[in-house]
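First the structure, in the form of structure tokens, and then the observations on it.
The values are calculated or read from the model by the stated rules, or taken from the named source; none is laboratory data. Everything numeric in this text was worked out from a predicted model, so none of it was measured. Ideal geometry is used to build each Cβ from the backbone, glycine not excepted, and the neighbour counts take in all protein chains shown. Quick note on the areas: whole protein, heavy atoms, side chains included, nothing else; ligands and nucleic acids left out. Shrake-Rupley method; radii C 1.70, N 1.55, O 1.52, S 1.80 Å.
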Amino acid sequence: MALHDPFDPHHSLTHCSCGRHGSQAEHDAALAQDDADALNRRVVQGAVMRALFPQDAERRRFLSAVGASTAWAAISSLVPFGALEAMAQEKGSLEKKELKIGFIPITCASPLIMADPLGFYKKQGLDVSVIKTAGWALIRDKVINKEYDASHMLAPMPIAMSMGVGSAPTPVNVATIQNVNGQAITLHVKHKDKRDPKQWKGFKFAVPFEYSMHNFLLRYYVAEHGLDPDKDIQIRVVPPPEMVANLRAGNLDGYLGPDPFNQRAVYDGVGFIHILSKEIWDGHPCCSFGVQTQFVKENPNTFAALYRAVLQAAAMANDPKNRPIMAEVLSPANYLNQPKTVIEQVLTGKFADGLGGVQTVPDRAGFDPFPWYSMAVWIITQMKRWGYIKGDVKYRDIAEQVYLLTDARKRMAEVGLVAPKDAYQKFKVMGKEFDPAKPEAYVGSFAIRRT
Amino acid sequence: MRSETFKAALISALLFLLAIGAWHLATLPKESAALAGADAEYAALMGAGAQQPGGFPPPAEVGRAFVHYLSDPFYDHGPNDKGIAIQLGHSLARVALGFLLAIVAAIPLGFVIGMSPLLTKALDPFIQVLKPISPLAWMPLALYTLKDSNVSGIFVIFICSIWPMLINTAFGVASVRRDWLNVARTLEVSPVRKAFLVILPAAAPTILTGMRISMGIAWLVIVAAEMLVGGTGIGYFVWNEWNNLALPNVIFAITMIGLVGMGLDAIFGRLQKLVTYRE
């Protein structure tokens with residue numbers, strides 16, 4: 001039993017053995033080697049003990065003084081552990097066990113893919129097939145058609161779908177963010193000397209989808225350098241796998257695309273990495289784990305089980321220690337179908353930049369699952385800024401309707417992860433602060449916009 | 001006659017070897033200076049493609065892809081990675097289903113149109129407008145209304161195979177020789193017997209020509225449709241290998257598509273011979 005007993009006086013509940021997690025329970029969830037039931041029991045017990053003894057030293061003193069078994073008997077006579085555990089588990093009544101989850105073969109999808117070979121879905125009693133899909137439009141249609149029960153989606157897609165922008169209005173929720181950072185601007189090798197965006201007039205760029213962070217970040221980046229993304233450059237929608245081929249053929253000058261296709265362009269000697277997307281906004285969301293609202297309502301227990309599996313996978317993927325193994329598992333044809341070294345460079349952050357240098361950026365890709373409302377609000381401000389939506393926009397209402405922050409917090413507690421207390425977070429995009437409380441003013445503060 | 005066949009086969013084989021030889025020479029690895037200056041750590045992170053820009057795979061590499069996939073055609077490594085025979089099986093099943101549906105719809109309708117000059121004229125504008133639409137253009141509409149990607153794929157096969165069959169059936173039925181119909185009338189044959197015993201055999205060669213054309217189109221379209229929809233099938237296989245920029249595997253898949261297409265065409269050629277009659 002790797003997970004520490006909250007009734008053990010010799011162990012701290014607020015730190016784990018490796019020191020990188022908030023508690024031992026979280027540490028163990030990350031390792032995910034424990035039996036889910038035992039883990040759940042420990043988490044509930046840990047939560048109760050933390051509530052009874054806010055000071056960890058006090059709990060230790062108490063346990064040392066009376067002995068663990070006496071303490072256990074005393075406390076369990078007061079607290080119905082069994083009932084609490086059952087509540088946290090919500091098992092036994094999964095409405096649907098066989099699920100189909102779609103993904104696009106990019107590293108952003110790592111957590112939901114990894115949950116399959118690691119058995120996280122099975123541990124929650126689910127029989128999941130993860131299915132590779134040819135493009136974002138198809139993902140959207142298959143989710144609307146209910147061919148997929150849940151899917152890897154770009155973070156702005158559920159917002160656009162729920163609002164009926166670019167499709168029939170279909171309420172879709174974001175359960176978790178799949179990944180943060182992990183994108184890059186790749187340019188053709190012939191542009192090695194054009195590192196200043198001001199020299200990019202007339203360039204042809206590609207992004208994977210209209211409603212993507214890639215589109216919004218590229219627009220933001222060039223606009224900050226004084227180029228109008230609608231007039232001075234051309235932005236096309238090109239599915240990620242086709243980006244490298246088009247770059248090689250000279251149809252594109254560059255793209256803001258998902259990995260591994262940035263690294264793949266370097267690997268094949270056709271492009272170089274101009275900047276990583278984290279240099280535009282460090283910690284930006286990219287993809288999300290989306291589910292139709294109807295599915296959430298009709299299958300609450302299945303959804304909760306799925307939620308726990310994906311969160312555990314995210315915690316596993318976020319640990320840098322696991323990245324080399326992930327590269328190994330993800331590279332075969334059934335998942336990403338890429339050379340292992342390409343995936344490894346993306347995930348470990350030690351990569352060739354295409355200019356002859358080797359860079360080390362450990363946080364090149366991250367897998368923080370927490371769906372901040374403020375991320376959603378930022379996305380909506382950019383949709384407004386570039387004219388994808390018009391008129392009055394209820395930023396907060398939409399954000400809170402689509403992003404399931406409260407659920408995420410609850411499910412994170414169930415698997416022993418510590419969720420942030422805030423729901424809105426200020427952050428900086430290229431040095432400019434974004435205040436989620438004043439979205440309209442933010443949109444108005446840009447010189448280049450379509451409003 | 002025999003020796004001519006033999007000569008033709010010999011020439012075919014020679015052409016094939018010549019093409020492979022030229023391909024081999026054209027893709028011989030060049031001495032590359034591209035990465036000579038870079039340090040070993042950097043070089044280790046780069047792919048072989050970086051050393052030979054333009055990197056078209058040599059025939060030996062493609063040959064290895066053939067051996068690799070054909071040595072185990074039935075493997076199944078999860079929903080996104082299956083053997084070539086399984087992929088081809090999925091594609092063929094889709095084509096067969098869409099094609100059968102098209103037969104069920106096109107042959108009776110073609111009979112009716114062919115027997116009635118009035119209907120021929122009335123339906124002509126619709127057929128002429130619908131016929132030239134690329135079947136893949138139906139895909140977004142099909143996905144939206146049928147709400148299932150697999151059914152949409154079958155629908156696309158259906159819609160592309162229906163027109164040649166319909167037109168050929170109508171034409172075949174309309175051009176049955178008057179004398180035969182008149183003989184049937186003199187003998188007071190019932191309409192049903194006339195349709196099955198006189199018109200059908202007379203029009204069969206034309207109808208089968210329509211089917212042969214349809215099958216050719218259907219096999220062309222399924223690859224494109226599966227590249228769009230994904231999941232399973234030979235088109236998905238091509239897409240997946242393109243995704244990995246693995247050209248040897250793409251060339252392998254293209255060859256398989258060609259061979260299966262040839263096989264299908266040969267089957268319909270045989271059928272056509274069976275129903276052809278001499279006057």
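Numbers for the structure displayed
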read-out: Residue in region A:342-349 that is away from chain B (no Cβ under 14 Å), closer than 24 Å to residue A:101 by Cα and aliphatic (A, V, I, L, M) present; value: no
read-out: Only listed residue being at negative phi and either within 19 Å of the chain's Cα centre (by Cα) or open to solvent by less than 10 Å² (accessible area, probe 1.4 Å) (or both), chosen from A:181, A:215; value: A:215
read-out: Hey, residue A:264 of a type in the set (D, E, K, R), more than 21 Å from residue A:343 (Cα to Cα) and open to solvent by less than 40 Å² (accessible area, probe 1.4 Å) or not; value: no
read-out: Single match in B:92, B:109, B:146, B:130 (criterion: in contact (Cβ under 8 Å) with a residue 24 or more places away in the chain and open to solvent by 70 Å² or more (accessible area, probe 1.4 Å)); value: B:109
read-out: Considering residues of region A:338-350 that are surrounded by fewer than 24 Cβ atoms within 10 Å (Cβ to Cβ) and assigned to a loop (DSSP other than H, G, I, E, B) only, the residue farthest from the chain's Cα centre (by Cα); value: A:339
read-out: Listing of helices (runs of 4 or more DSSP H) fully contained in region B:190-279 that carry 1 or more residues being among the basic types (Lys, Arg); value: B:191-194, B:200-229, B:247-275
read-out: Test set (1) touching a residue at least 40 places away in the same chain (Cβ under 8 Å); (2) of a type in the set (A, V, I, L, M, F, W, C); (3) open to solvent by 20 Å² or more (accessible area, probe 1.4 Å) - residue B:207 fails condition number; value: (3)
read-out: Hits in region A:129-153 - residues which are more than 11 Å from chain B (Cβ to nearest Cβ) and not in a helix (DSSP H, G or I); value: A:149, A:150, A:151, A:152, A:153
read-out: Residue, nearest to residue A:137 (Cα to Cα), within region A:156-211, restricted to residues that are charged (D, E, K, R) and in a loop (DSSP other than H, G, I, E, B); value: A:210
read-out: Count of region A:375-398 residues which are under 24 Å from residue A:180 (Cβ atoms) and part of a helix (DSSP H, G or I); value: 14
read-out: Qualifying residue in region B:220-228 (condition: within 14 Å of chain A (Cβ to nearest Cβ) and open to solvent by less than 10 Å² (accessible area, probe 1.4 Å)); value: yes
read-out: Qualifying residue in region A:382-401 (condition: closer than 29 Å to residue A:295 by Cα, under 18 Å from the mean Cα position of the chain (by Cα) and buried (at least 23 other Cβ atoms within 10 Å of the Cβ)); value: yes
read-out: Filter pass, residue B:255 being surrounded by fewer than 24 Cβ atoms within 10 Å (Cβ to Cβ), of a type in the set (Ser, Thr, Tyr) and under 21 Å from the mean Cα position of the chain (by Cα); value: yes
read-out: Lone unmet requirement of (1) within 28 Å of residue A:225 (Cβ to Cβ); (2) small (Gly, Ala, Ser); (3) surrounded by 20 or more Cβ atoms within 10 Å (Cβ to Cβ); (4) more than 22 Å from the chain's Cα centre (by Cα) for residue A:277; value: (4)
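Conditions tested, residue by residue: (1) β-branched (Val, Ile, Thr); (2) surrounded by fewer than 21 Cβ atoms within 10 Å (Cβ to Cβ); (3) within 25 Å of the chain's Cα centre (by Cα).
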position: B:155; (1), (2), (3): no, no, yes
position: B:163; (1), (2), (3): no, no, yes
position: B:166; (1), (2), (3): no, no, yes
position: B:171; (1), (2), (3): no, yes, yes
position: B:174; (1), (2), (3): no, yes, no
position: B:184; (1), (2), (3): no, yes, no
